[in-house]
Structures are given as C-alpha cells and as structure tokens.
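Asks: Starting off with a structure, shown below.
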Amino acid sequence: MVQVGETETRLECLLNNNKNSDFCAPLTSFDWNEVDPNLLGTSSIDTTCTIWGLETGQVLGRVNLVSGHVKTQLIAHDKEVYDIAFSRAGGGRDMFASVGADGSVRMFDLRHLEHSTIIYEDPQHHPLLRLCWNKQDPNYLATMAMDGMEVVILDVRVPCTPVARLNNHRACVNGIAWAPHSSCHICTAADDHQALIWDIQQMPRAIEDPILAYTAEGEINNVQWASTQPDWIAICYNNCLEILRV
C-alpha cells in the first residue's frame, strides 16, 4: 500500500497459514468482504478456502500496524478451488461461495460452517474457473467453465438448475461482470475478441442474443464494470486496456 506523499510501496501484512514454511499452498483468488473490511477470503489449490481476520493496530507515527489471523479454514471442494466471492445476502458479511476443479459451485455461511450447499454441478464435471455475484440481487450468480464458451446464470433459490445460459461466444469466456446499477444486465468477454452485454430480465425464458456487442482487436482477457460510473466498462486484451462507454 502507498501512503499519500510517499513514493515507496511497503508490505503492510503477510497472511500465511503454513507454520512450517515461509509459503502457504498456491492461492488462486481472493475477495474482500464489502460489509466488514477486516474479513478477507482466499482460495487455494489445496482444496481449501480460508477466511482471514485483519486487525489494524494503533497508529505509530505514519505506520499502521496490520496483523492477520485465520478465522476459519475449511475444505471447500474435492479438488482445487479456483475462485471465492462474498455474497451480499444475509447482511453481506457471512455468506460466500466458491468454485473449483470438481465442477461445483458451493455456498457457505460463516455462522454454520458444519455444512455447505451445492448450488450447481457442471454436468460434464468440467472445472469451474470464476463466479460473480449479482450486485443488486444476491439470489443470482454467474459462473463459467474452463475453456467453456458459455456463462451459466444460477438462482440460489433453485439449486442445480441454471436459470439461463449465455452462449453466443465463439471461443472460451474469460471474464464476467454484473452491472453495478441493474440486476438484469451482465457483461461477458471472451477469446473471440467480443464483449457482450446481456439483458436477462426475461428469465427463465431463454436469452438468445446480447443487447450490445463490442469487438476488440484481440482476445479479451478480463472485464470490469465501473461501480461508481456505471456507463463505463473496462476490458483488457493484448497489451491494451480499453474503457468503453455503454
């Protein structure tokens, strides 16, 4: 983190739950809790998700001392875990979901970690790489499979049955971003050079075509929808970052 007026980046806190080594198992993703900024979740190839508690100590001069401890670690999947994301449901603090190489989406509650709920399992058991919660309606989330050309929309109230499949891409999908201001708009980006915006308000009717499409000059690796400026979407391809107005 860089303090105002400083030019150097310094390490504020190192989170490592392996007491026998300087390194923990390789991490695949992480997510800050929006309601409680002292909570951080990480996913790992060792099949676990870890929820970290951060404590900010007293200010000593211009240095904030930050320490961290493992609040809980759980075996989340049968294989590697590739992504983790907190949900805004139930107050936005305790619910989170994960996806992994076993092809499942699993949801957890920090208050009841003795069990989890399998929201979805890929029929072919393809690994699931990413998940993304709807910003306005915490009942909906999106996920995508490794090398998959479609995005699956799930309703946590109806486990195991997708409410929509967005499958107009002609190459593997790399990124998903829900609109910050709308519960029915989502942007997907893929190796086919396209960023597509979908309107899913007709669910559970099939969503056949996107409402907007943009073609970049290369395979789009990631997409983000600006949370405070909802007219802007950023995409990355080749060595470029483009910001699109929608």
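Asks: Among the residues of the range 192-218, write down those that are assigned to a loop (DSSP other than H, G, I, E, B) and of a type in the set (Val, Ile, Thr). Give the steps one after another, and end with the answer.
Replies: Step one: of the range 192-218, the residues assigned to a loop (DSSP other than H, G, I, E, B) are 192-193, 200-211, 216-218.
Hits for the range 192-218 are Ile200, Ile207, Ile211.
The rows are residues; the columns are (1) modelled with pLDDT of 95 or more; (2) out of contact with any His (no Cβ under 8 Å at 6 or more places or on another chain).
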site	(1), (2)
Thr48	no, yes
Asn64	no, yes
Thr72	no, yes
Asp78	no, yes
Ala89	no, yes
Arg93	no, yes
Ala101	yes, no
Leu128	yes, yes
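Asks: Among the numbered conditions (1) surrounded by fewer than 19 Cβ atoms within 10 Å (Cβ to Cβ); (2) aromatic (Phe, Trp, Tyr); (3) modelled with pLDDT of 90 or more, tell me where Tyr82 comes up short.
Replies: All conditions pass for Tyr82, except number (1).
Asks: Using the structure shown, decide if Asn221 is polar (S, T, N, Q), surrounded by 14 or more Cβ atoms within 10 Å (Cβ to Cβ) and assigned to a strand (DSSP E or B). I'd like the intermediate steps shown before the answer.
Replies: Details: polar (S, T, N, Q): yes; surrounded by 14 or more Cβ atoms within 10 Å (Cβ to Cβ): yes; assigned to a strand (DSSP E or B): yes.
Considered against the rule, which asks whether it is polar (S, T, N, Q), surrounded by 14 or more Cβ atoms within 10 Å (Cβ to Cβ) and assigned to a strand (DSSP E or B), Asn221 comes out as yes.
Asks: Only residues that are of a type outside the set (S, T, N, Q), at pLDDT 70 or above and assigned to a loop (DSSP other than H, G, I, E, B): list them for the range 4-33, please. Let's see the steps before the verdict.
Replies: Taking the range 4-33 and keeping what is of a type outside the set (S, T, N, Q), we get 4-6, 8, 10-15, 19, 22-27, 30-32.
Of the ones still in play, those that are also at pLDDT 70 or above are 8, 10-15, 24-27, 30-32.
Those that are of a type outside the set (S, T, N, Q), at pLDDT 70 or above and assigned to a loop (DSSP other than H, G, I, E, B): Glu8, Arg10, Leu11, Glu12, Cys13, Leu14, Leu15, Cys24, Ala25, Pro26.
Asks: Just checking, does the range 162-175 include any residue being under 20 Å from Ala206 (Cβ atoms), polar (S, T, N, Q) and without any contact (Cβ under 8 Å) to a residue 24 or more places away in the chain?
Replies: First, the residues of the range 162-175 that are under 20 Å from Ala206 (Cβ atoms): 162-170, 173.
Subsequent filtering for residues that are polar (S, T, N, Q) retains 167-168.
Cutting the leftovers down to without any contact (Cβ under 8 Å) to a residue 24 or more places away in the chain gives us 167.
The answer is yes; a qualifying residue exists.
Conditions (1) open to solvent by less than 40 Å² (accessible area, probe 1.4 Å); (2) out of contact with any Cys (no Cβ under 6 Å at 6 or more places or on another chain); (3) closer than 23 Å to Met146 by Cα, marked per residue:
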| site | (1), (2), (3) |
| --- | --- |
| Val163 | yes, yes, yes |
| Val173 | yes, yes, yes |
| Pro180 | yes, yes, no |
| Ala189 | yes, yes, yes |
| Glu208 | no, yes, yes |
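The values are calculated or read from the model by the stated rules, or taken from the named source; none is laboratory data. Being a predicted model, the structure only gives us computed values, none of them experimental. Neighbour counts are summed over all protein chains in view; Cβ atoms, including those assigned to glycine, are modelled from backbone coordinates with ideal geometry. What goes into the accessible areas is simple: the full protein's heavy atoms, side chains included, and nothing from ligands, DNA or RNA. Shrake-Rupley method; radii C 1.70, N 1.55, O 1.52, S 1.80 Å.
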